[in-house]
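The values are calculated or read from the model by the stated rules, or taken from the named source; none is laboratory data. In this text, all values refer to a predicted model and were calculated from it rather than measured experimentally. Because the Cβ atoms are built from the backbone with ideal geometry, glycine has one as well, and the counts that use them run over all protein chains shown.
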Amino acid sequence: PYDGPSAVEIARKRAEFLSPSLFHFYSKPLNIVEGKKQYLYDEHGRRYLDAFAGIATVVFFTNSGTEANELAIMMARLYTGSHDIISLRNSYHGNASGTMGATAQKNWKFNVVQSGVHHAVNPDPYRGAFGPDGEKYARDVKEIIEFGTTGHVAGFISEAIQGVGGIVEVAPGYLPLAYDAVRKAGGLCIADEVQVGFARVGSHFWGFETHGVIPDIVTMAKGIGNGIPLGAVVTTPEIAQVLTRRSYFNTFGGNPLCTAGGLAVLKVLDRERLQENAFIVGAYLKDRLRGLQEKHQIIGDVRGAGFMLGVELVTDRQLKTPAKDEICQAMEHMKDMGVLVGKGGFYGNVFRITPPLCFTKEDADFFVDVMDIALSKL
Ligand code: PMP
């Protein structure tokens, strides 16, 4: 027998948590709790013949990070009535037309129309002209608004730590000032938590929290489903109202299988205290990597937080010349010794260390020892 929430309880939760663009077909919505072939059953065991299969989504979810960001951008444009979007150079936000426009690396742009997108100077503490001075970079956001738009923008989108871009931590102090400038121009602030979110930074559950800002829209994917195609857009009820003006439809978005996977991920994160693990083991790993930097000249920078760490290889520490070939060799050596690590950044010279959140201290030691040997072999 069914012992889940009643139809009334579900209706109440829907009204509270889900997109207002979702409409009911019936005056008294059904609570379908079981399905077999062409038959569906409600909570009282009543059977219905399903002549509308596949249109069963009730939830405001997407299937990928790209879709989540596309939707967020669309909502910002609808809400503000403006078109211009500001994103950071070196960012990655997806591969559909809007998100590819917002993405700011030539490696990820293919014949895209760059309409209404402005790329702000990247607040990159290692390679940026202003070092770690967030305030100086934020001036560029103001200038883009003043000199590149009507003075009104739809929104600003940014990761807290650029993932594809090579684990670049946005300079401290930058986001509060950038958010402020964007809000003064009527825009919404979107936090792309697709890669950095879901406890990965360790100290907080979300990357934006480490900067002390509160976004208007948060997009998520990747870690939310731990391999299952699931993405989501979270915003305030007021902003969500815009989707009553332009309904958003997504066949597989919010399907029961993937959302059950998402719920399971949340439970495991909690039960296994994985955020705490990311915090403790991540700090230990970063510390050990810093030790490695003292030994190997080729390591130009060690950065990141929790389990989102980057090690940038350069052939000259002063000139910061990207060690593109060396990193490939080191990756091969590490693979031969049984360690798989990511690589990225605009020049492809950054180790991207983003392990599963269950990574242990012993794993961290093994990882660093293997990297040490691999770099010694160069
Ligand atoms: N935003 C960020 C920060 C990402 O890292 C990615 C994927 N690399 C995306 C968006 C796009 O997500 P997806 O690949 O699920 O479309």
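Kindly indicate which of Gly310, Gly342, Gly338 is within 24 Å of Arg89 (Cα to Cα) and surrounded by fewer than 18 Cβ atoms within 10 Å (Cβ to Cβ).
Gly342
Just so you know, in region 57-90 the residues that are aromatic (Phe, Trp, Tyr) and more than 15 Å from the ligand (Cβ to nearest atom) include one that is farthest from the chain's Cα centre (by Cα), and it is Tyr79. For Gly310, the criteria (1) in contact (Cβ under 8 Å) with a residue 12 or more places away in the chain; (2) in a helix (DSSP H, G or I); (3) not assigned by TED's automatic domain parsing to the domain that holds Ala171 hold in every case but one, which is (2). Taking every residue in region 83-102 that is within 20 Å of Lys142 (Cα to Cα) and pairing it with any residue that is among the aromatic types (Phe, Trp, Tyr) and more than 10 Å from the ligand (Cβ to nearest atom), at least 6 positions away or on another chain, the pairs with Cβ-Cβ distances below 7 Å are Ile86/Phe156; Asn90/Phe346.
Looking only at region 239-251, decide whether some residue is within 16 Å of the ligand (Cβ to nearest atom) and of a type in the set (A, V, I, L, M, F, W, C).
No, there is no match, as no residue in region 239-251 is within 16 Å of the ligand (Cβ to nearest atom) and of a type in the set (A, V, I, L, M, F, W, C).
Conditions tested, residue by residue: (1) outside the structural domain of Tyr179 (by TED's automatic domain parsing); (2) more than 16 Å from the ligand (Cβ to nearest atom); (3) modelled with pLDDT of 95 or more; (4) of a type in the set (Phe, Trp, Tyr).
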| position | (1), (2), (3), (4) |
| --- | --- |
| Thr210 | no, no, yes, no |
| Met220 | no, no, yes, no |
| Gly225 | no, no, no, no |
| Pro229 | no, no, no, no |
| Thr236 | no, yes, no, no |
| Gly253 | no, no, no, no |
| Ala283 | yes, yes, yes, no |
| Gln293 | yes, yes, yes, no |
| Gln297 | yes, yes, yes, no |
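Among the conditions (1) within 16 Å of the ligand (Cβ to nearest atom); (2) modelled with pLDDT of 95 or more; (3) surrounded by fewer than 24 Cβ atoms within 10 Å (Cβ to Cβ), Phe110 misses just one, which is (2).
Within region 222-242, being among the hydrophobic types (A, V, I, L, M, F, W, C) and within 22 Å of the chain's Cα centre (by Cα) holds for Ile224, Ile228, Leu230, Ala232, Val233, Val234, Ile239, Ala240. For region 347-368, filtered to residues that are closer than 28 Å to Leu269 by Cα and in a loop (DSSP other than H, G, I, E, B), the residue that is farthest from the chain's Cα centre (by Cα) is Thr360.
Just one of the listed residues (Met331, Met371) is in a helix (DSSP H, G or I) and at pLDDT below 95, namely Met331. Pairs meeting the criteria (first residue in region 228-245 and at negative phi, second residue within 11 Å of the ligand (Cβ to nearest atom) and part of a strand (DSSP E or B), beta carbons under 6 Å, at least 6 apart or on different chains) are Gly231/Thr62; Ala232/Met220; Val233/Thr219. Thr321 meets the conditions (1) surrounded by 14 or more Cβ atoms within 10 Å (Cβ to Cβ); (2) in contact (Cβ under 8 Å) with a residue 24 or more places away in the chain in every case but one. The failed one is (2). Please go through region 182-217 and give me each residue that is among the β-branched types (Val, Ile, Thr) and over 17 Å from Arg77 (Cβ atoms), ordered by number. Within region 182-217, Val194, Val196, Val201, Thr210, Val213, Ile214 qualify.
In a loop (DSSP other than H, G, I, E, B), small (Gly, Ala, Ser), more than 16 Å from the ligand (Cβ to nearest atom) and in the same structural domain as Gly151 (by TED's automatic domain parsing), is that true of Gly128? So Gly128 fits the description; yes.
Among the residues making up region 91-107, those that are assigned to a loop (DSSP other than H, G, I, E, B) and within 11 Å of the ligand (Cβ to nearest atom) are Ser91, Tyr92, His93, Gly94, Asn95, Ala96, Thr103.
Residue-by-condition table, conditions (1) out of contact with any Phe, Trp or Tyr (no Cβ under 8 Å at 6 or more places or on another chain); (2) within 16 Å of the ligand (Cβ to nearest atom); (3) part of a loop (DSSP other than H, G, I, E, B); (4) among the aliphatic types (A, V, I, L, M):
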site: Glu135; (1), (2), (3), (4): no, no, no, no
site: Gly151; (1), (2), (3), (4): yes, no, yes, no
site: Tyr179; (1), (2), (3), (4): no, no, no, no
site: Arg183; (1), (2), (3), (4): yes, no, no, no
site: Gly186; (1), (2), (3), (4): yes, no, yes, no
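In this structure, Gly197 does not satisfy being within 16 Å of the ligand (Cβ to nearest atom) and outside any loop (DSSP other than H, G, I, E, B).
All of Asn277, Asn349 fail the test of being surrounded by 15 or more Cβ atoms within 10 Å (Cβ to Cβ), in contact (Cβ under 8 Å) with a residue 12 or more places away in the chain and over 19 Å from Val168 (Cβ atoms), apart from Asn277.
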